[in-house]
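The values are calculated or read from the model by the stated rules, or taken from the named source; none is laboratory data. Model, not experiment: these values are computed from the prediction. With ideal geometry, Cβ positions are generated from the backbone for all residues, glycine too; neighbour counts draw on all protein chains shown.
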Amino acid sequence: MRQFERFPNLVTMFFTRAAEGGDKPFLWRKSENAWRPISWTQAAQQVASVAEGLKALGLKRGDRVMLVSENRPEWCIADLAIMAAGCITVPTYTTNTERDHLHILENSGAAAVIVSNDKLARTLLPAVLRSEADHVIAMETVRVPQAGGVAFHSWEALASTAADVQAVAAAADFEREDTACIIYTSGTGGAPRGVPQHHGAILHNVNGCVRVIAEDFGWDDEVFLSFLPLSHAYEHSGGQYLPIGLGGQIYYAEGLDKLAANIEEVRPTIMVVVPRLFEVLRQRIVKNIEKQGGLAPQLLRRAESLGAKELAGGLPLWDRPTDLLLEKLFRPKIRQRFGGRMKAMVSGGAPLNPEIGVFFHALGLTLLQGYGQTEAGPVISCNRPSAGIKMDTVGPPLAETEVRIAEDGEILVRGELVMHGYWQNPAETARVLKDPGSGSGAGFWLHTGDIGHIDDKGRIVITDRKKDLIVNDKGDNVSPQKVEGMLTLQPEILQAMVYGDRRPYLVGLIVPDPEWTAEWCIGNDYKCDFAALSDNPMYKAALMAAVDRVNKDLSVIEKVRRIIIADAPFAIENEQLTPSMKIRRHVLKEAYGARLDALYKG
C-alpha cells in the first residue's frame, strides 16, 4: 500500500505532486459545453507566477489576502499562490453581505483582495474602500470605482509574471506550525470568528483521510467533483487539499441545477457533500421511482428493508437471493446516475439523519458520515467500512487524533489538527482551548461544544450541541437536531425548527415543501397563494398530519404538539441560514419568537 509522505507545508505538497503529475490533467472546468483541463505543470507555473506577482506588489510574509470567488480553477491557484508568496489566505463566502465583508477585512487586516467577477465585486468593493486593503486583483473585468487609495490589478497580469517554478517551490520553507489560512466560521450564533488553520492542521487531515481511502477503498486515480463552497473548511481541506495529496483530479461543478448531470459526466470516485444535498437527492430519486410505477417502487422498498437489516447486523440467509436480484436488476441503474465508479460519498458539515444513510446504502452507494469543526482542520473522525459503518455514529477518530469525553458529556479533541487559537480573540480562545496535556507537544484539548460518547467499537456518537440542547420545564434534555431531521424527511416539509426551552412541550416552525404544496393545491382545487394558505385550516391540518407521523416515533418529551408556518423559506439571503446551510436559531427566534410563544397560550 502506498504511504503518504510527511510534508513540511501545503505548498511543498502541491509542488511535489505537480512534479509527479506533469502533463496529466489536474483541474477541470466546463466551457462551451466541454470539460477542459489544466495540467499539473500548467497549474504549477500559474501558482509560481501569481506568487511572484503578489510579492512584486509589495506583499510581505504573513500579510493576509482575502479571496472572494465561486469554485473554479483560479480559486485553487490563488489559494496556493498566496501561501507560496508567504502570505495567509482569508477565504470568504460569495453570499456575504457588504457588512460581512467589512467585518472580515477589518478583523483580518487584509492587505489585498482577490475577487473573481463584477457581480461579487459589487458587494465587496464598498467594503474594501472602507478598509485598509491596498490592492484588488480581479480574475475577470470589474467596474473600477474612483478610489485613489486602492490599486486595481488584473489576474491575467499576475498570472503572466515571469517565475521559476523550482525556485518558488524551493523558497517554500514554511513549517507545519505556520498559519496557512484564516477561515471565518459561518456564525450560527453571531458574528463570524476567524480560525487560523496552520499547515500542519490541514496536512494532518489530509494524511488521516488518505489513510481511510487507501486502507478501505484503495488509493488509485481519484476524481473529485467540487461543489461545496471552497470558503468552507470542509471543502477547502476535503475537496481541495485531499485531492492534491492524492495526486487526483478536481472538476468544478456548474451549480446545483446541473449537479446531477455533472455527476454523470464526470463520474467522480469521491464526493464530499453536506446532509442537505443527500436529502434533496433522496427526494428526487424516490419521486422518479414512484413515477416509473410498475415494479420499481416495490424494488425500492425491498432494497430499503434489506439495507436496514444489513447495517443492523447482516442479512439472514433467506434474504440473500432477493438481495442478489436487487444487485442485478435495480442497484446498477442507481449507481449509474452517480457515474458508476463512486467509491464513497462523505457527508459532513452538519448531522446526517441515519435514515438517509440507510437509504443510500440500500441503493448500493457507500455513504460515510464524517465529523469535524473548523477549529480542527476540520475533520476529526469519519465512518469507514473496516470499523463497521453504523449510521448513527460518525466513525472512529482520524489517525493521530485523540478524543475523550468530559464528565458533562462534551467531546474533547487533541492533536496537530487543533487550531492554536482564534484570530485576535483571546477570550474565545481561552473558552475552547483548555487543560494542556502533559509531555512535550501534547497540546490543548479543544472543547467542541458537542455532546456525545464513544461506542464499544471506538466510534464517536454525537447526541447534540451543548448550546442547542432544549431543556424543558421539567429539566429534560431534548435534541432539536434529531427532531428537525426527522421532520424534514417528510415530503410535506422542506425545513423546520423546533422550539421549547423551559416550556412544557415542543412546538415547531415549518417551511412547507413547494412541490408538495403545488400538488396539494391542485388536489384540493385551491388557488396556490402561499400567504393565504398559511391561514387555511385544511392546509395546516395536512402539515400537522406529517408532524404527527413523526411524533409516533418520538418520545413524549420530543413530540411536537403545535406548529406555525414560516413566512418564507430559511435562506442565506434572509440570514436565517449560514452559508454552510445550518439554521441560525437566534435569527429565527428573533423573527418568530412571539408567534411561537403564542402557541403556548390557550
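Summary table
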quantity	calculated
Residue within segment 516-529 that is without any contact (Cβ under 8 Å) to a residue 60 or more places away in the chain, within 27 Å of Ser347 (Cβ to Cβ) and touching an Asp or Glu at 6+ places or on another chain (Cβ under 7 Å) present	yes
Test: Ile244 is outside any loop (DSSP other than H, G, I, E, B), in the same structural domain as Glu106 (by TED's automatic domain parsing), modelled with pLDDT of 95 or more and over 24 Å from His420 (Cα atoms)	yes
Residues located in segment 542-559, provided they are in a helix (DSSP H, G or I) and surrounded by 11 or more Cβ atoms within 10 Å (Cβ to Cβ)	Ala542, Leu543, Met544, Ala545, Ala546, Val547, Asp548, Arg549, Val550, Asn551, Ile557, Glu558
Test result for Asp464, over 30 Å from Lys601 (Cβ atoms) and modelled with pLDDT under 95	no
Selection count where residues are outside any helix (DSSP H, G or I) and touching an Asp or Glu at 6+ places or on another chain (Cβ under 9 Å), scope segment 372-391	5
Residues satisfying the stated conditions in segment 247-260, i.e. under 30 Å from Thr41 (Cβ atoms) and in a helix (DSSP H, G or I)	Lys258, Leu259
Check on Ile572, out of contact with any strand residue (DSSP E or B) (no Cβ under 6 Å at 6 or more places or on another chain), surrounded by 14 or more Cβ atoms within 10 Å (Cβ to Cβ) and farther than 21 Å from Leu469 by Cβ	yes
Top-ranked residue in segment 233-259 [being over 23 Å from Lys24 (Cα atoms) and among the aliphatic types (A, V, I, L, M); ranked as surrounded by the most Cβ atoms within 10 Å (Cβ to Cβ)]	Ala233
Candidate set from segment 184-227 (those that are hydroxyl-bearing (Ser, Thr, Tyr) and in contact with a Gly (Cβ under 7 Å, 6 or more places away or on another chain)); member that is modelled with the highest pLDDT	Ser226
Residue list for segment 104-125, restricted to those being of a type outside the set (Gly, Ala, Ser), buried (at least 19 other Cβ atoms within 10 Å of the Cβ) and more than 13 Å from Ser69 (Cα to Cα)	Ile104, Leu105, Asn107, Leu125
Residue that is nearest to Ser39 (Cα to Cα), among those in segment 261-281 that are in a helix (DSSP H, G or I) and within 18 Å of the chain's Cα centre (by Cα)	Ile263
Qualifying residues in segment 3-42 (those that are of a type in the set (Ser, Thr, Tyr) and surrounded by fewer than 19 Cβ atoms within 10 Å (Cβ to Cβ)) - the one farthest from Ala81 (Cα to Cα)	Ser31
Residue within segment 458-477 that is in contact (Cβ under 8 Å) with a residue 12 or more places away in the chain, surrounded by fewer than 17 Cβ atoms within 10 Å (Cβ to Cβ), under 27 Å from Val394 (Cβ atoms) and of a type in the set (Lys, Arg) present	yes
Hits in segment 126-148 (condition: among the β-branched types (Val, Ile, Thr) and in a loop (DSSP other than H, G, I, E, B))	Thr141, Val142, Val144
Count of segment 263-301 residues which are touching a Phe, Trp or Tyr at 6+ places or on another chain (Cβ under 8 Å) and of a type in the set (S, T, N, Q)	1
Matching residues in segment 260-298 - criterion: being buried (at least 18 other Cβ atoms within 10 Å of the Cβ) and either without any contact (Cβ under 8 Å) to a residue 24 or more places away in the chain or out of contact with any strand residue (DSSP E or B) (no Cβ under 8 Å at 6 or more places or on another chain) (or both)	Arg276, Leu277, Glu279, Leu281, Ile289
Residues of segment 500-521 that turn out to be buried (at least 22 other Cβ atoms within 10 Å of the Cβ) and under 25 Å from the mean Cα position of the chain (by Cα), as a count	3
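Here's the yes/no breakdown for (1) farther than 20 Å from Ala233 by Cβ; (2) within 23 Å of the chain's Cα centre (by Cα); (3) in contact (Cβ under 8 Å) with a residue 24 or more places away in the chain:
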residue: Leu80; (1), (2), (3): no, yes, yes
residue: Thr94; (1), (2), (3): no, yes, yes
residue: His103; (1), (2), (3): no, yes, yes
residue: Arg122; (1), (2), (3): yes, no, no
residue: Ile137; (1), (2), (3): yes, no, yes
residue: Ala151; (1), (2), (3): yes, no, yes
residue: Val165; (1), (2), (3): yes, no, yes
residue: Ala180; (1), (2), (3): no, yes, yes
residue: Ile183; (1), (2), (3): no, yes, yes
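So that you can scan it fast, the table gives a plain yes or no per residue for (1) more than 24 Å from Thr448 (Cβ to Cβ); (2) without any contact (Cβ under 8 Å) to a residue 40 or more places away in the chain; (3) in the same structural domain as Trp423 (by TED's automatic domain parsing); (4) not charged (D, E, K, R):
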position: Glu327; (1), (2), (3), (4): yes, yes, yes, no
position: Arg335; (1), (2), (3), (4): yes, yes, yes, no
position: Ala350; (1), (2), (3), (4): no, no, yes, yes
position: Asn353; (1), (2), (3), (4): no, no, yes, yes
position: Phe360; (1), (2), (3), (4): yes, no, yes, yes
position: Pro378; (1), (2), (3), (4): no, no, yes, yes
position: Arg384; (1), (2), (3), (4): no, no, yes, no
position: Leu398; (1), (2), (3), (4): no, no, yes, yes
